[in-house]
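**Student:** Before I ask anything, here is the structure I am working with.
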Amino acid sequence: MKIAIIGFGNMGQTYANSFMSSGFVGASDILILNKTKIEEKNSFGIDVINFYTEPNSQIFESDILILAVKPQDFKQLASEIKTFLNPEHVILSVMAGISIEAMQKELGVSKIVRSMPNIPTQIGEGMTVFCASNAVDRKELFIVQNLINTTGKSIYIEKEEMLNAATAVSGSGPAYVFYFMQAMIESAVKLGFSPSEAEFLVSQTFSGSVHLQNRSKLSNEAWIQRVASKGGTTEAALSVFNFLGMSDIVIKAIDSANLRAVELGK
């Protein structure tokens with residue numbers, strides 16, 4: 001199986017690195033098309049002769065093409081590669097906001113998988129939500145999911161419009177986590193910890209809590225109850241969250257992200 005990665009920015013490099021480190025694809029079976037030349041140190045061990053700056057028929061001998069260019073560059077790219085494509089090519093897109101229908105129209109092929117990865121894919125801890133056109137068969141979908149899973153975990157969805165919701169929850173989600181962590185770090189500094197102590201306290205608290213929750217069958221509510229004893233310190237903090245409507249704020253924020261994703265998709 002040969003794979004072509006078109007666009008070698010953050011996401012293109014993430015896939016190249018993940019495929020190579022997982023051993024899922026051999027070094028000679030990954031081809032890269034990028035507008036500018038790539039330095040050898042960023043090649044992740046992929047054969048240097050497999051890097052191209054212009055489209056040619058060799059690149060498109062691949063079975064799967066990963067489109068990892070910026071959405072605004074897609075139309076130009078489509079016009080450059082359309083003549084090289086055939087009906088058997090499976091396209092995996094990581095471009096935000098470009099619909100399956102738009103890709104089929106511009107590329108003239110029908111087998112399209114559209115995905116929404118998030119930034120922890122860079123370290124193999126990503127969350128990717130993906131959907132596919134009807135032309136993609138089960139075997140092809142299985143291969144694509146295995147490729148995606150080299151960067152973390154994934155969920156397949158039937159309805160393409162749910163990718164907007166995925167963008168709002170898991171796509172943008174890491175920023176919400178960092179935002180909350182930063183607020184906790186600033187609180188810790190205000191209470192007298194040094195910035196490095198504060199960062200260490202907060203990051204280990206987040207990491208430990210997520211691991212704990214992942215390894216148990218208890219709900220988040222049950223874990224909150226375990227930490228918060230009656231009339232204690234945790235309850236004092238939680239009562240402020242509840243008074244200020246923290247839960248409603250989070251729901252409204254994610255709803256706003258979803259609406260923006262829908263707008264951008266148009």
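The values are calculated or read from the model by the stated rules, or taken from the named source; none is laboratory data. This one's a predicted model, so the numbers in the text were calculated from it and none came from an experiment. Cβ sites come from the backbone with ideal geometry, for glycine too, and all protein chains shown count toward neighbours.
**Student:** I need a count of the residues in segment 74-106 that are surrounded by 15 or more Cβ atoms within 10 Å (Cβ to Cβ) and within 14 Å of residue 136 (Cβ to Cβ).
**Tutor:** Selection size over segment 74-106: 8.
**Student:** Let me ask something additional. Among the residues of segment 98-111, write down those that are of a type outside the set (D, E, K, R), within 20 Å of residue 5 (Cβ to Cβ) and either in a loop (DSSP other than H, G, I, E, B) or under 17 Å from the mean Cα position of the chain (by Cα) (or both).
**Tutor:** Result: 98, 109.
**Student:** Report those helices (runs of 4 or more DSSP H) wholly inside segment 185-266 carrying at least 2 residues which are within 26 Å of the chain's Cα centre (by Cα).
**Tutor:** 195-214, 246-265
**Student:** Confirm whether residue 66 is under 18 Å from residue 149 (Cβ atoms) and either charged (D, E, K, R) or buried (at least 19 other Cβ atoms within 10 Å of the Cβ) (or both).
**Tutor:** Considered against the rule, which asks whether it is under 18 Å from residue 149 (Cβ atoms) and either charged (D, E, K, R) or buried (at least 19 other Cβ atoms within 10 Å of the Cβ) (or both), residue 66 comes out as yes.
**Student:** Show the residue pairs that are 6+ apart or on different chains and have beta-carbon atoms under 8 Å apart, the first residue being within segment 104-116 and within 17 Å of residue 82 (Cα to Cα), the second being basic (Lys, Arg).
**Tutor:** From segment 104-116, the pairs are 106/75; 106/82; 107/82; 108/82.
**Student:** Return yes or no: is residue 20 assigned to a helix (DSSP H, G or I), crowded, with 18+ Cβ neighbours inside 10 Å and either out of contact with any Leu (no Cβ under 6 Å at 6 or more places or on another chain) or in the same structural domain as residue 122 (by TED's automatic domain parsing) (or both)?
**Tutor:** Yes; evaluated as a whole, the condition is true for this residue.
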